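The values are calculated or read from the model by the stated rules, or taken from the named source; none is laboratory data. Please read all numbers here as calculations on a predicted model, not as lab measurements. Methodologically, a virtual Cβ is constructed for each residue, glycine included, from the backbone with ideal geometry; neighbour enumeration extends over all protein chains shown.
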Amino acid sequence: MEIQVHAVALVTALTVAAVLPQQGVAQESGEYFVVQQAQGASSVSLGGTVIPYKEVTLSAQLPGRVKHLAGIEGDTFEKGTLLVALDETELLAKRNAALAQLANADAQLRAAGVQYNRELWSPQSKQAMGGMGLPNLFDQMFTRPMENFSGNRNQNVERRADLYASGVQITQAQNAILSAQSQIQAIDAKLRDAISLAPFDGVILKKFVEVGDTMQPGQPLLVYADVEYLQIMVDVPARLRPGLYEQMMLQAELDVTGQVVPVRVAQIFPTADSQRHTVKVKFDLPQGVSAPGMYVKVRVPDHTAPARNHPVIPASSIRYNGSLPGVYVEGKGGRPELRLIRVGESLDNGYVSVLSGLSSGERILRNPVNGVASGWVSPAGTR
């Protein structure tokens, strides 16, 4: 983590507008601007990484061969779009077998119901020989009553046993139906796991597979993210944590373009890293200013450091000789002299702070034109 301490003035637009006129700067009537001091707290530049607002890693939930891949890195998709699909031939075969078991269990349930109704309403039908012949009548009128009377047989007990056995067959058939339905539900869940749908509108950041690859459970398939809204993840030293609060507005400098943009504190993690003594903080970035993975410096106020005074000048007064910033200072006889300075933080209303090279009370050209004649002077004022 890169940390740079800048002794700069944290002056807002209202502060600059209110303080400078009181000291006579805004009332300067000529081409020159009188350098004044603005007091503020020191800030610390903390390096962070641009991350998507939402990011997920889709992984394989079951073994199989990749048969469909929606696209490559950078392709955008809407919510619900099929991103990755594994071959489900084996699962479909198991589902068909479970459907057959369900049909068999349903047939067994209907047969058991018929048997139960026969035992309930016609208990003698399975033992009777049928017809109205004398043997059948003799058996029903004399033989069976004598068996009950002599104690050799109890037809009531036998009927209850037959009814109970028929009820058990119904229960077994119902359980078989429930078991088959559970197998189908489990297979359907695996069929859902065989495909990966886009959980939200986003873009593929990285893919790990190609069509035809054989996957095992847990292997990553691709990284999918919402890049419309971006954030900065920064490890903030614990001593700077008390100076931050959610919705607080700060400034960040983009590493590629050097552009300074406003950022907002979105989330402060509740715990600190016990080894690094830092707290993770997320900052919201304006839309369209960066991309995921970029390096950004966030300027965090350091209230533990003593407040310092720094000169404040208009940004229009700075001219660059190559990469070296400088301003035209009024010298002896009113002749402008180019002096190199060290620029600090960009402030609101077009002002910047100066870390070295200028002192309060000096006069500089507010907006020097091209080709202005000057002499070179050092920051100390010697030729």
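Table for the structure above
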| quantity | calculated |
| --- | --- |
| Contacts under 7 angstrom Cβ, first residue in segment 351-368 being closer than 10 Å to Ile318 by Cα, partner assigned to a loop (DSSP other than H, G, I, E, B) and modelled with pLDDT under 85, 6 or more apart | Leu365/Glu31; Arg366/Glu31 |
| Tally, over segment 220-250, of residues that are within 20 Å of Val260 (Cα to Cα) and among the hydroxyl-bearing types (Ser, Thr, Tyr) | 1 |
| Any hit, segment 167-174, residues being under 14 Å from the mean Cα position of the chain (by Cα) and surrounded by fewer than 14 Cβ atoms within 10 Å (Cβ to Cβ) | no |
| Sole exception among (1) at pLDDT below 90; (2) surrounded by 14 or more Cβ atoms within 10 Å (Cβ to Cβ) for Tyr164, by number | (2) |
| Among (1) more than 24 Å from the chain's Cα centre (by Cα); (2) farther than 26 Å from Gly344 by Cβ; (3) of a type outside the set (A, V, I, L, M, F, W, C), the one test that Gln267 misses | (1) |
| Checking Pro336 against (1) within 19 Å of Val35 (Cα to Cα); (2) touching a residue at least 60 places away in the same chain (Cβ under 8 Å); (3) not aliphatic (A, V, I, L, M), the condition it does not meet | (2) |
| Residues satisfying the stated conditions in segment 307-350, i.e. surrounded by 14 or more Cβ atoms within 10 Å (Cβ to Cβ), among the small types (Gly, Ala, Ser) and not in a helix (DSSP H, G or I) | Gly326, Gly331, Gly344, Ser346 |
| Residue that is surrounded by fewer than 13 Cβ atoms within 10 Å (Cβ to Cβ), more than 30 Å from Glu73 (Cα to Cα) and out of contact with any His (no Cβ under 8 Å at 6 or more places or on another chain), where the choices are Thr278, Thr271, Thr304 | Thr271 |
| Near pairs, Cβ below 7 angstrom, 6+ apart or cross-chain, from segment 208-231 (under 18 Å from Leu86 (Cα atoms) and modelled with pLDDT of 90 or more) to any residue that is of a type in the set (Phe, Trp, Tyr) and surrounded by 13 or more Cβ atoms within 10 Å (Cβ to Cβ) | Pro220/Phe208; Leu221/Phe208; Leu222/Phe208 |
| Restricting segment 281-291 to residues that are at pLDDT 90 or above and out of contact with any helix residue (DSSP H, G or I) (no Cβ under 9 Å at 6 or more places or on another chain), the residue that is surrounded by the fewest Cβ atoms within 10 Å (Cβ to Cβ) | Pro286 |
| Residue match in segment 274-282 (condition: more than 30 Å from Pro368 (Cα to Cα), without any contact (Cβ under 8 Å) to a residue 24 or more places away in the chain and not assigned by TED's automatic domain parsing to the domain that holds Val35) | yes |
| Where a residue in segment 64-83 is among the small types (Gly, Ala, Ser) and its partner, wherever it lies, is assigned to a loop (DSSP other than H, G, I, E, B), with Cβ under 6 Å and at least six apart | Gly64/Asp87 |
